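**Q** To start, I am sharing the structure in question, which I have written as structure tokens.
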Amino acid sequence: MKTHFFTWLLLLVARLPLAAQTPDSWRIAADKIDPANYYGVTVANGMLGIVSSPVPFQVKNVVLASTYDQYGRGRVSNFLNGFNLLNTYLEIGGHRINAQDVSNFRQELDMQRAAFTTTFDYADKATISYTYYALRHLPFTALLDVTIKAKKHLSLTAASVLEAPDALRETQNYYNEIDRPHATLSLLTSSARSPTGKLQICASTSFLFEEPHGQEPRIIHELWDSNLHLMKFGKLLQAGQSYTYAVAGTTLTSAHDPDPLNQAERLTIFARLEGKARLLAFHTKAWQELWQSDIEIIGDAQAQQDVHSMLYHLYSFTRAGTDYSPSPMGLSGLGYNGHIFWDTDVWMFPVLAVLHPEMAKSLVEYRFHRLESARHNALTHGYQGAMFPWESADAGVEETPVWALSGPFEHHISADVALAAWQYYCVTQDKAWLREKGWPILSATADFWASRAERNGPGHYDIKNVVAADEWAENVDNDAFTNAAAQVNLHNAAATAKLLGLPANPDWLHVAQNIPILHLPNGVTQEHATYHGEGIKQGDVNLLAYPLGVVTAPAQIRKDLAYYETRVPNEGTPAMTQAIFALLYARLGDADKAHHFFQDAYQPNLLAPFRVIAETKGGTNPYFATGAGGVLQAVLMGFGGLDITPMGILQRKTTLPTGWQSVKITGVGPQHKTYSVRR
């Protein structure tokens with residue numbers, strides 16, 4: 001009897017999923033890596049982005065926020081690849097390790113500590129592990145931490161390499177050794193000009209050793225050519241011995257500091273003398289503080305990991321205390337030229353406003369500091385007030401390539417900017433900020449819409465000739481989202497004036513009341529004046545229910561959802577639309593549809609091996625931070641029921657998606673409140 005019982009028990013256990021198969025909520029690991037199907041993951045600190053590679057000791061690229069110049073793509077400002085300050089190599093026995101030499105290759109992203117670790121075996125000689133960090137507390141500094149465990153007696157040579165990216169010119173290389181009683185500082189430094197000469201771009205690195213001063217390896221400098229130089233050291237290891245060293249590096253440009261060359265070296269010296277233990281302690285503490293604002297999901301372990309990944313990327317791409325704003329791809333590469341679109345104001349901003357208002361503030365500061373450029377843009381188009389550019393870079397002028405009609409015509413961006421400014425006030429209740437910076441944005445954009453609307457009789461103050469939020473609809477009249485966003489902009493400007501005791505333009509509310517929202521004969525909100533049921537690129541009408549709050553009746557919201565959810569093709573459309581469907585169905589109480597559209601919003605867009613999000617299903621351009629922002633809004637404002645209102649953040653009745661047991665949201669708003677929803 002016992003034999004049969006144990007046989008049955010073994011069969012049962014064999015059929016159960018292994019515990020290791022349950023996704024870790026904080027770590028994403030890959031041990032079966034196909035370099036031909038590899039889409040890297042980014043380690044970033046809101047200023048400096050480092051993208052992983054499947055090749056040992058390499059990273060794909062290094063991106064530095066607000067580093068733009070014109071160099072061939074569309075005659076507009078473009079993101080630049082910076083110096084790869086973590087470019088290194090390791091030789092064992094005189095052989096430089098490459099991808100063909102290694103086995104047991106494994107990579108892992110630790111999202112709690114923003115650390116990316118690679119481990120592998122080199123033949124039968126050594127096990128090697130290295131981890132890199134974009135140090136959260138030092139915006140321009142990265143750290144590479146390397147450990148070699150010798151299996152046999154061996155000699156190693158390790159190098160730190162600085163090579164100028166192809167687009168840079170006039171490279172100058174420097175090597176300095178600074179002797180101090182307690183340390184010898186070896187600095188490998190490079191400086192170059194951006195393609196037009198507009199920027200000076202600099203980087204500097206230094207080795208960090210654990211040996212006492214005087215016993216550190218001797219550093220050798222080699223200048224290979226004008227674009228590449230390196231410093232290296234050698235070491236003999238006994239079998240069973242472990243050896244650890246690190247590289248600290250700093251990179252910045254004249255867009256960040258008036259003296260980038262000297263400052264790069266100063267900051268590298270600072271990191272070198274802080275030492276690895278202190279650097280990692282401060283970095284870890286900074287991320288612990290960020291993760292006090294978190295989303296905890298019970299009932300779907302994979303969704304929990306994915307939501308943590310989305311939060312990790314938004315936190316990584318944004319930094320408090322700046323006026324920088326992330327592009328659709330954040331700091332994961334050069335996608336969309338690094339330009340700023342409505343992606344930040346409508347899709348990423350609300351998540352940050354709820355969880356980290358101090359980080360969200362940077363996004364609205366970015367717009368405020370470019371308000372004068374927006375005023376000039378309105379003037380040149382024959383309008384009043386401020387007309388924000390569809391694509392913006394460092395100066396806040398229009399940066400859309402001329403072949404894209406969105407530049408001259410996608411005007412809803414001005415209302416999107418104003419919405420973010422209003423939401424920042426709603427979350428923080430900061431009237432001083434509202435008076436100083438919110439009011440100038442809200443009033444100037446309201447003036448724009450008052451002049452933009454064409455007055456063709458009561459109820460027909462038409463907004464003609466726009467590119468819709470659904471960008472397949474070009475040069476259409478009375479686009480639903482554009483018209484509704486203009487109404488909201490005008491109402492919020494009037495509300496701001498009342499809050500601050502300032503005179504409002506009486507024309508604002510008059511215009512808002514006469515801007516039409518059109519309907520089809522069946523009662524569905526019509527996307528634009530000539531819309532007759534064709535496919536749509538992305539959500540437009542459904543955004544009137546959220547985030548605009550113009551359509552509020554549940555029956556109308558449901559009718560618009562049922563109609564437009566069938567108009568979105570399965571491929572080729574960006575990831576945000578289905579997230580809005582999920583959010584609205586949760587608020588309507590439909591758990592099954594909320595679950596379906598939550599999964600459809602991002603799962604078909606995931607790429608190997610780290611589940612990074614592409615812009616579209618089948619796309620290959622991660623990391624699409626816009627999509628992450630949309631999905632996170634589905635969780636926060638849909639499943640979590642949070643609502644940004646003039647009274648602050650409130651919680652409304654909602655429904656969890658099928659299969660979820662609970663959602664807990666911590667660290668919400670300036671008071672760091674906790675909200676929960678249980679089935």
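The values are calculated or read from the model by the stated rules, or taken from the named source; none is laboratory data. Nothing here was measured: the structure is a model prediction, and the numbers come from that model. Every residue, glycine as well, gets a Cβ built from its backbone with ideal geometry; the counts of neighbours run over all protein chains shown.
**Q** Looking only at segment 294-336, how many residues end up being more than 28 Å from residue 369 (Cα to Cα), touching a strand residue (DSSP E or B) at 6+ places or on another chain (Cβ under 9 Å) and of a type in the set (S, T, N, Q)?
**A** Residues flagged as more than 28 Å from residue 369 (Cα to Cα), touching a strand residue (DSSP E or B) at 6+ places or on another chain (Cβ under 9 Å) and of a type in the set (S, T, N, Q) within segment 294-336 amount to 3.
**Q** Condition (residue is assigned to a loop (DSSP other than H, G, I, E, B), buried (at least 22 other Cβ atoms within 10 Å of the Cβ) and aliphatic (A, V, I, L, M)) applied to segment 165-172: is it met by at least one residue?
**A** As a first pass, look at segment 165-172 and keep what is assigned to a loop (DSSP other than H, G, I, E, B): 165-168.
If we keep only those that are buried (at least 22 other Cβ atoms within 10 Å of the Cβ) too, we end up with 168.
From what is left, the residues that are aliphatic (A, V, I, L, M) are 168.
So far as segment 165-172 goes, yes, one or more of its residues are assigned to a loop (DSSP other than H, G, I, E, B), buried (at least 22 other Cβ atoms within 10 Å of the Cβ) and aliphatic (A, V, I, L, M).
**Q** Okay, moving on. Can you tell me which residue is surrounded by the fewest Cβ atoms within 10 Å (Cβ to Cβ) among those in segment 615-626 that are of a type outside the set (S, T, N, Q) and either in contact with an Asp or Glu (Cβ under 6 Å, 6 or more places away or on another chain) or without any contact (Cβ under 8 Å) to a residue 60 or more places away in the chain (or both)? Reasoning before the result, please.
**A** Just the residues of segment 615-626 that are of a type outside the set (S, T, N, Q), to begin with: 615, 617-619, 622-625.
With the extra rule that they be either in contact with an Asp or Glu (Cβ under 6 Å, 6 or more places away or on another chain) or without any contact (Cβ under 8 Å) to a residue 60 or more places away in the chain (or both), the set shrinks to 617-619, 624.
Working: 617: 19, 618: 11, 619: 19, 624: 29.
Only one residue fits best here, namely 618.
**Q** Additional query: If you go through segment 75-120 one residue at a time, how many are at pLDDT 95 or above, basic (Lys, Arg) and farther than 15 Å from residue 54 by Cα?
**A** Summing the residues that are at pLDDT 95 or above, basic (Lys, Arg) and farther than 15 Å from residue 54 by Cα in segment 75-120 gives 2.
**Q** Considering 534, 565, which residue is in contact with a Lys or Arg (Cβ under 9 Å, 6 or more places away or on another chain) and within 20 Å of residue 464 (Cβ to Cβ)?
**A** Details: 565 fails: within 20 Å of residue 464 (Cβ to Cβ).
On inspection, the qualifying residue turns out to be 534.
Residue-by-condition table, conditions (1) within 27 Å of the chain's Cα centre (by Cα); (2) closer than 26 Å to residue 191 by Cα; (3) at pLDDT 95 or above:
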site	(1), (2), (3)
129	no, no, yes
135	yes, yes, yes
138	yes, yes, yes
142	yes, yes, yes
150	no, no, yes
157	no, yes, yes
164	yes, yes, no
172	no, yes, yes
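**Q** Further question on the same structure: May I ask you to list the residues in segment 33-60 that are more than 20 Å from residue 128 (Cα to Cα), polar (S, T, N, Q) and crowded, with 19+ Cβ neighbours inside 10 Å?
**A** 42, 45
**Q** Same structure, new question: Of a type in the set (A, V, I, L, M), buried (at least 24 other Cβ atoms within 10 Å of the Cβ) and more than 25 Å from residue 575 (Cβ to Cβ), is that true of residue 468? Can you show your working first?
**A** Working: of a type in the set (A, V, I, L, M): yes; buried (at least 24 other Cβ atoms within 10 Å of the Cβ): yes; more than 25 Å from residue 575 (Cβ to Cβ): no.
So residue 468 does not fit the description; no.
**Q** Tell me which of these residue 375 doesn't satisfy, since it passes every other one: (1) surrounded by fewer than 24 Cβ atoms within 10 Å (Cβ to Cβ); (2) in a loop (DSSP other than H, G, I, E, B); (3) touching a residue at least 60 places away in the same chain (Cβ under 8 Å).
**A** (2)
**Q** Also, I was wondering about something else. Among the listed residues 544, 561, which satisfies the condition of being surrounded by 14 or more Cβ atoms within 10 Å (Cβ to Cβ), touching a Leu at 6+ places or on another chain (Cβ under 8 Å) and within 22 Å of residue 347 (Cα to Cα)?
**A** Details: 544 fails: touching a Leu at 6+ places or on another chain (Cβ under 8 Å).
Testing whether each residue is surrounded by 14 or more Cβ atoms within 10 Å (Cβ to Cβ), touching a Leu at 6+ places or on another chain (Cβ under 8 Å) and within 22 Å of residue 347 (Cα to Cα) leaves just 561.
**Q** Looking only at segment 600-612, count how many residues are crowded, with 18+ Cβ neighbours inside 10 Å and either in contact (Cβ under 8 Å) with a residue 40 or more places away in the chain or not charged (D, E, K, R) (or both).
**A** Initial filter on segment 600-612 (crowded, with 18+ Cβ neighbours inside 10 Å): 600-602, 605, 607, 609-612.
Of the ones still in play, those that are also either in contact (Cβ under 8 Å) with a residue 40 or more places away in the chain or not charged (D, E, K, R) (or both) are 601-602, 605, 607, 609-612.
Counting residues in segment 600-612 that are crowded, with 18+ Cβ neighbours inside 10 Å and either in contact (Cβ under 8 Å) with a residue 40 or more places away in the chain or not charged (D, E, K, R) (or both) gives 8.
**Q** Where in segment 561-679 are the helices (runs of 4 or more DSSP H), entirely inside, with at least 3 residues that are over 21 Å from residue 317 (Cβ atoms)? Steps first, answer last, please.
**A** Values: elements: 576-588, 591-602, 625-633.
In segment 561-679, the matching helices (runs of 4 or more DSSP H) lie at 576-588, 591-602.
**Q** Would segment 215-230 turn up any residue that is within 30 Å of residue 319 (Cβ to Cβ), in contact with a Leu (Cβ under 7 Å, 6 or more places away or on another chain) and not charged (D, E, K, R)?
**A** There is no residue in segment 215-230 that is within 30 Å of residue 319 (Cβ to Cβ), in contact with a Leu (Cβ under 7 Å, 6 or more places away or on another chain) and not charged (D, E, K, R).
**Q** For segment 441-454, which residues satisfy the criterion of being in a helix (DSSP H, G or I) and either within 14 Å of residue 361 (Cα to Cα) or in contact with a helix residue (DSSP H, G or I) (Cβ under 6 Å, 6 or more places away or on another chain) (or both)? Working first, answer last.
**A** Step one: list which residues in segment 441-454 are in a helix (DSSP H, G or I), which gives 441-452.
Answer for segment 441-454, where residues must be in a helix (DSSP H, G or I) and either within 14 Å of residue 361 (Cα to Cα) or in contact with a helix residue (DSSP H, G or I) (Cβ under 6 Å, 6 or more places away or on another chain) (or both): 441, 442, 443, 445, 446, 448, 449, 450.
**Q** Do we find a residue being over 14 Å from residue 83 (Cβ atoms), in contact with a helix residue (DSSP H, G or I) (Cβ under 6 Å, 6 or more places away or on another chain), buried (at least 20 other Cβ atoms within 10 Å of the Cβ) and touching a residue at least 12 places away in the same chain (Cβ under 8 Å) anywhere in segment 208-218?
**A** yes
**Q** Ok, one more. Is there a residue being modelled with pLDDT of 95 or more, surrounded by fewer than 24 Cβ atoms within 10 Å (Cβ to Cβ), in a helix (DSSP H, G or I) and of a type outside the set (A, V, I, L, M) anywhere in segment 391-406?
**A** yes
**Q** Still on this structure, please answer the following. Can you give me the number of residues within segment 627-671 that are within 18 Å of residue 301 (Cβ to Cβ) and surrounded by fewer than 21 Cβ atoms within 10 Å (Cβ to Cβ)?
**A** Number of matching residues: 5.
**Q** Going by the conditions given, is residue 296 assigned to a strand (DSSP E or B), surrounded by 14 or more Cβ atoms within 10 Å (Cβ to Cβ) and acidic (Asp, Glu)? Quick ask: steps written out before the conclusion?
**A** On the way: assigned to a strand (DSSP E or B): yes; surrounded by 14 or more Cβ atoms within 10 Å (Cβ to Cβ): yes; acidic (Asp, Glu): yes.
The answer is yes for residue 296.
**Q** List every residue pair whose Cβ atoms lie under 7 Å apart, where the two residues are 6 or more positions apart in sequence or sit on different chains, the first residue falls within segment 236-257 and is surrounded by fewer than 23 Cβ atoms within 10 Å (Cβ to Cβ), and the second residue, located anywhere, is of a type in the set (D, E, K, R).
**A** Here the result reads 239/151; 239/152; 242/149; 243/235; 244/210; 255/394, each pair linking segment 236-257 to a residue that is of a type in the set (D, E, K, R).
**Q** Can you name the condition, by its number, that residue 296 falls short on among (1) of a type outside the set (Phe, Trp, Tyr); (2) touching an Asp or Glu at 6+ places or on another chain (Cβ under 8 Å); (3) farther than 22 Å from residue 367 by Cα?
**A** Here residue 296 meets the rest and fails (2).
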